[in-house]
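Reviewing the structure listed below.
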Amino acid sequence: MGWVVVVVVLAVVALALILREPVAEARVRRRQRQQERKRAARRRRVAEAEQRRRDRAMNPAKAAARRGPPRWQQVAQRNGSKCWLCGTRTYPDDRRRAGVGTEQLGATYPTVDYVVSIDRGGTYDMGNARIAHRLCAESRLANPGREEFRPPLRTYAA
């Protein structure tokens, strides 16, 4: 019985000696990856701060035009994800794959809609951008004088 304990202890010690180098190498690699992520985050923060400094130096409308149209995720993060036209929730999962690299967007998929449309002199500024259902934005574009919008039904989502 005592020799079994000795064999087990020797096996554990041998295993620890065998695995010591790979474990140490894995720790070094993990530390290097963490440092690289920190460096990348620092570079990103510096670039964003520089962009904000440049944007403050120029006209806000020009800065927004330079950045281009905001994505719906950015507008939703700032203003919330409810449709500003009908007041109901938008559904980012209301879409389906139509083929390789293409998607069909459903009626309640969130899109960026502009209070003052771009073709009528509006800007890409976040103050002008709002979240709307795809169907609400299309019907507002088709009928600019329309004031009441009914919530659309989800098309593709489960």
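Derivation of every value follows stated rules applied to the coordinates shown; laboratory data play no part. It should be emphasised that the depicted structure is a prediction, and the values quoted were computed from it without experimental measurement. With ideal geometry, Cβ positions are generated from the backbone for all residues, glycine too; neighbour counts draw on all protein chains shown.
Charges were assigned to the Cβ only: +1 to each Lys and Arg, -1 to each Asp and Glu. The resulting dipole of the range 1-89 about its Cα centre is roughly 840 debye. Largest GNM mean-square fluctuation among Thr111, Thr102, Thr88, using the chain with Cα springs under 10 Å: Thr102.
A simple charge model with +1 on the Cβ of Lys and Arg, -1 on the Cβ of Asp and Glu and nothing else charged puts the dipole of the range 53-107 at about 380 debye relative to its Cα centre.
Spread over its residues, the convex hull of the C-alpha atoms of the chain is 241 Å³ per residue. Simple rule: put +1 on each Lys or Arg Cβ and -1 on each Asp or Glu Cβ in the range 26-130, find the dipole, and look at Ala57, Thr90, Pro70; the Cα lying farthest toward the positive end is Ala57. Normalised Debye scattering of the range 83-131 at q = 0.16, 0.23, 0.25 Å⁻¹ gives log10 I(q)/I(0) of -0.58, -0.85, -0.89, counting only Cα atoms as equal scatterers and leaving out solvent. Computed over the chain with a Gaussian network model linking Cα atoms closer than 10 Å, the most mobile of Ile18, Ile131, Ile118 is Ile18.
The value for the range 1-57 of Rg(Cα) / (2.2 N^0.38 Å) is 2.38.
Short-range pairs are left out: with C-alpha atoms under 8 Å and at least six residues apart, the relative contact order of the chain is 21 percent. Assuming charge only on the beta carbon of Lys and Arg (+1) and of Asp and Glu (-1), the dipole of the chain about its Cα centre is about 760 debye to the nearest 20.
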